[in-house]
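The values are calculated or read from the model by the stated rules, or taken from the named source; none is laboratory data. Bear in mind the structure is a predicted one, so any value in this text is a computation, not a measurement. Cβ placement follows ideal geometry from the backbone for every residue including glycine, while neighbour counts extend to all protein chains displayed.
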């Protein structure tokens, strides 16, 4: 038997949970780590995060082995060149040199970092829905709307690392609801979870509707009420559909991907909504572009970012 390939570490720093997994090879068909995936609540203190990463690695790495490289998916915006979380409202960090700090914590190993949307896109492209298609676009739709584009097996960053970030382009003019980014009428403000929750509170200010039923307060409830035929909820979902279609169409027109995946909590749970928005998007672009692209359901679920981080780590170790 040949000697086992060295271990690398994949880290997914999420807004509420951080997950770590070990692997030896590039994921190819799904993501199957060495041993169990470990996780803990993401602390708001970067120093505490490093302590927990160090302790977890000490616990999960087999005796006699060590990690030779690390890949990280983190909430953006991320400065990929410097390995910094530039400014992340999800965890309240600004200009934190995550890659350098993790490398120091783990003995100076190479550390590569991407924002979670790009890492998720890379994971799905290599081991999930995006296998054997290029270019490929992945849009995680949950609390917010991210986007990652894979071209020839690599993340397309663009100037400033913001290629594909359609969540904060305007739906028409900058006249409309304010987004978490500070600007108005962003795609994300209409179709993502936080924005839909705000639209629900605006539509039903009181906790109870006129018929005495509880007013929707999150995206899942808005979609459920729309399926039940509530006119106000149907209107909100139609606006969300138009916004998501606008964002997808922008990527189709600019990149002409072979396939698109909409993941994230809303993307995975509201497949009919996603399909309708995708179909709308194909009609907003050149006929040849719309006819050539395929909508693919996400395959890695919650592991897409970890899989992408694993790809980064294996490549860094090569």
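Considering the stretch 28-41 alone, what residues qualify as being within 19 Å of residue 307 (Cβ to Cβ) and in contact with a strand residue (DSSP E or B) (Cβ under 9 Å, 6 or more places away or on another chain)?
So in the stretch 28-41, the residues within 19 Å of residue 307 (Cβ to Cβ) come out as 28-39.
Answer for the stretch 28-41, where residues must be within 19 Å of residue 307 (Cβ to Cβ) and in contact with a strand residue (DSSP E or B) (Cβ under 9 Å, 6 or more places away or on another chain): 31, 32, 33, 34, 35, 36, 37, 38, 39.
Would you call residue 195 surrounded by fewer than 18 Cβ atoms within 10 Å (Cβ to Cβ), outside the structural domain of residue 80 (by TED's automatic domain parsing) and either under 20 Å from the mean Cα position of the chain (by Cα) or not in a helix (DSSP H, G or I) (or both)?
Here the answer is no, as residue 195 does not meet what is asked.
Please report, ordered by residue number, the helices (runs of 4 or more DSSP H) entirely within the stretch 204-307 with at least 1 residues that are over 18 Å from the mean Cα position of the chain (by Cα) and at pLDDT 95 or above.
In the stretch 204-307, 219-227, 231-255, 271-283, 287-292 are the helices (runs of 4 or more DSSP H) which contain 1 or more residues that are over 18 Å from the mean Cα position of the chain (by Cα) and at pLDDT 95 or above.
Name every residue in the stretch 69-98 that is farther than 22 Å from residue 164 by Cα, crowded, with 18+ Cβ neighbours inside 10 Å and at pLDDT below 95, in order of residue number.
Residues satisfying the conditions are 91, 93, 96, 98.
Which of (1) part of a helix (DSSP H, G or I); (2) in contact (Cβ under 8 Å) with a residue 24 or more places away in the chain; (3) more than 17 Å from residue 241 (Cα to Cα) is the odd one out, the single condition residue 201 does not satisfy?
Only one criterion is unmet by residue 201, namely (2).
Criterion first (touching a strand residue (DSSP E or B) at 6+ places or on another chain (Cβ under 8 Å), part of a loop (DSSP other than H, G, I, E, B), free of Cβ contacts under 8 Å to residues at least 60 places away in the same chain and surrounded by fewer than 16 Cβ atoms within 10 Å (Cβ to Cβ)) does residue 174 satisfy it?
Judged against the criteria, residue 174 is a match.
Checking residue 313 against (1) within 20 Å of residue 125 (Cα to Cα); (2) surrounded by fewer than 23 Cβ atoms within 10 Å (Cβ to Cβ); (3) touching a strand residue (DSSP E or B) at 6+ places or on another chain (Cβ under 9 Å), which test does it fail?
Going through (1) within 20 Å of residue 125 (Cα to Cα); (2) surrounded by fewer than 23 Cβ atoms within 10 Å (Cβ to Cβ); (3) touching a strand residue (DSSP E or B) at 6+ places or on another chain (Cβ under 9 Å) one by one, residue 313 breaks only (2).
Having 1 or more residues that are free of Cβ contacts under 8 Å to residues at least 12 places away in the same chain and closer than 20 Å to residue 50 by Cβ is the bar; report the strands (runs of 3 or more DSSP E) wholly within the stretch 75-158 that clear it.
Because the criterion is at least 1 residues that are free of Cβ contacts under 8 Å to residues at least 12 places away in the same chain and closer than 20 Å to residue 50 by Cβ, the strands (runs of 3 or more DSSP E) in the stretch 75-158 that meet it are 84-88, 93-96.
For the stretch 226-248, which positions are over 28 Å from residue 169 (Cβ atoms) and either in contact with a helix residue (DSSP H, G or I) (Cβ under 8 Å, 6 or more places away or on another chain) or surrounded by 17 or more Cβ atoms within 10 Å (Cβ to Cβ) (or both)? Don't jump to the end; show me each part of the working.
As a first pass, look at the stretch 226-248 and keep what is over 28 Å from residue 169 (Cβ atoms): 227-231.
Within the stretch 226-248, 230 is the sole residue that qualifies.
Residue under question is residue 186, and the condition is that it be crowded, with 24+ Cβ neighbours inside 10 Å, outside the structural domain of residue 28 (by TED's automatic domain parsing), free of Cβ contacts under 8 Å to residues at least 60 places away in the same chain and closer than 22 Å to residue 277 by Cα; does it hold?
On the way: crowded, with 24+ Cβ neighbours inside 10 Å: yes; outside the structural domain of residue 28 (by TED's automatic domain parsing): yes; free of Cβ contacts under 8 Å to residues at least 60 places away in the same chain: yes; closer than 22 Å to residue 277 by Cα: yes.
Against the criterion (crowded, with 24+ Cβ neighbours inside 10 Å, outside the structural domain of residue 28 (by TED's automatic domain parsing), free of Cβ contacts under 8 Å to residues at least 60 places away in the same chain and closer than 22 Å to residue 277 by Cα), residue 186 qualifies.
Of all residues being farther than 30 Å from residue 153 by Cβ and surrounded by 12 or more Cβ atoms within 10 Å (Cβ to Cβ) in the stretch 16-44, which is modelled with the highest pLDDT? Just the residue, please. If you could, list the steps in order and put the result at the bottom.
Restricting attention to the stretch 16-44, the residues satisfying the condition of being farther than 30 Å from residue 153 by Cβ are 16, 40-41, 43-44.
From the residues that got through so far, the ones that are surrounded by 12 or more Cβ atoms within 10 Å (Cβ to Cβ) too are 40, 43.
On the way: 40: 95, 43: 91.
Among those that are farther than 30 Å from residue 153 by Cβ and surrounded by 12 or more Cβ atoms within 10 Å (Cβ to Cβ), it is 40.
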